[in-house]
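Every number in this text was worked out from the coordinates using simple rules, so none of it is lab data. Model, not experiment: these values are computed from the prediction. Please note: Cβ atoms are built from the backbone with ideal geometry, for glycine as well, and neighbour counts cover all protein chains shown.
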Amino acid sequence: MNDSESTTEQQEESGGTRAGEVRQKALQEELRSLVDVVGPGPLVDLLLERAFGLGATDIHFDPREDGLHIRLRVDGILHDILVLAPTMTAQVISRLKLMAGMDITEKRFAQDGHISNAVLKNQRDIRVGCGPTIHGERLVLRLMPESGSFSKLDSLGLNEEQIKIVTHHINAPYGMVLSVGPVGSGKSTTMYSCLDLLNDPGKSLLTIEDPVERRMHGVNQIQVDTKIDFNFVEALRGVLRQDPDVIMVGEIRDPETAHIAVRAGLTGIRVLSTLHANDTTSTIDVFRDFGIPPMFIGDSVNCVISQRLVRKVCPTSFEEYHPDEGQCQFLGIDPAQAESVTLKRGVPSDTNFHTGYSGRTGVFEILAIDPTIREAIIHNKSSNELQKLAVEHGMITLEEAAKKKVLEGVTTIEEIHRVLVFAA
């Protein structure tokens, strides 16, 4: 096995470099050195600043018997950062709740809050959720993406053919493009990328979101508010009377929203949205469960994007190796050709939180609703039959796309096993 390092250019392309940024050990030492000499305010401010710098998506404040455990979620994995003494727990929690505009006297019920970019003195927002546990209040901070920063389709992990399919369907004059997958699979990022492609002064673009994750110039963005019964359904009904060309619905959660979105897609409006479904063809089953007639599904849905996020092999600390017999079998390689195949795996180090990974990329399955698939939907074919038909027409499944990322040295077999569930 040979250790190797990529060039600076390769590191920048991978998005994995964080030169000069504070890493896990350095951050732990920095915070520990400040615990006894500063109050909760400066400590929280520094933690937020460092978390943004590390590219963290969430900060967890978990109360336990020995104190308040602070963890950062980086590349989808939680990392222990600091444990504060029980005497500091109440001060830190109160500080965060005040920043988020929450009731610090209420500790019995769950609350939602928001730390605005004005408070943080930059263009980032934080969503805050808290609730009671047996050891006290627990807080989770969701660090929202940088405002005005949008990923291009070719940087998400789609291959060239998949980019062509998605671009073709989002430019269709009407109909729906859906991004599906579990929580935290990058669906919203994909939809923002599609919306960014459609954003021009000649169109009327509106979004309905909960919450508004990124502010987009030239787009009318609507925040739903369940406290006053202003939900997705009410917002969508109102938007349809406002002459829209493109609507992005943050998430289709219920039958009524689904019915209205489908009708909008049938009446000359481009609709972008996300949905919780395991893969592209099971999305059709979800719409059937919502009570939408098969003909409406087939005529309104143009394209379904199923996706997952996988961690990338650290570009600065990795080793190359040849697959063994079992790995060859999994990847569909002739074991006799193993010596001609070179894979990569990360080496744990301070630069990658001792995980061997740095950064994430998407793995995609794209179902284009062509006339054959549409006919199968109208005739109520099962999701398994639809998938078989789509594969015959050239669809790359999530499993195939993931294995290709391994062969390209982007990620590892272990990582795709962690993220994807393969049939036995």
Loop trypsin sites (Lys or Arg not before Pro), the range 143-192, which have at most 12 other Cβ atoms in a 10 Å radius of their Cβ (DSSP):
LYS152
Consider the candidate values (i) 24.3; (ii) 23.1; (iii) 35.8; state which one is mean projected area of the Cα convex hull in nm² computed from the structure displayed.
(ii)
For PHE230 and LEU266 in one chain, what is 0.36 nm times their gap in residues minus the Cα-Cα distance, to one decimal in nm?
10.5 nm
Distance between the C-alpha centers of the range 259-292 and the range 309-337? Whole Å please.
37 Å
Students often forget the sequence filter, so: which lysines lie under 27 Å Cα-Cα from LYS381 once same-chain residues fewer than 8 apart are removed?
LYS164, LYS187
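Evaluate the relative contact order of the chain (contact order divided by residue number), counting alpha-carbon pairs under 8 angstrom at least 6 apart; express in whole percent.
Values: 786 pairs, mean separation 63.5, N = 424.
Contact order relative to length: 15 percent.
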Partner lysines whose C-alpha sits under 19 Å from that of LYS344, ignoring same-chain residues fewer than 8 away, are LYS312, LYS403, LYS404, LYS405
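How big is the dipole moment of the chain about its Cα centre under a simple scheme where the beta carbon of each Lys and Arg is +1, that of each Asp and Glu is -1, and everything else is neutral? Debye, nearest 20, please.
Working: 43 positive and 60 negative charges, 216 e Å.
Dipole size: approximately 1040 debye.
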Tell me, what HN-Hα J-couplings in whole Hz come from the Karplus equation 6.51 cos²θ - 1.76 cosθ + 1.60 at θ = phi - 60° for each residue of the range 135-145, using x for Gly and Pro?
10, x, 6, 10, 10, 10, 9, 9, 7, 6, x
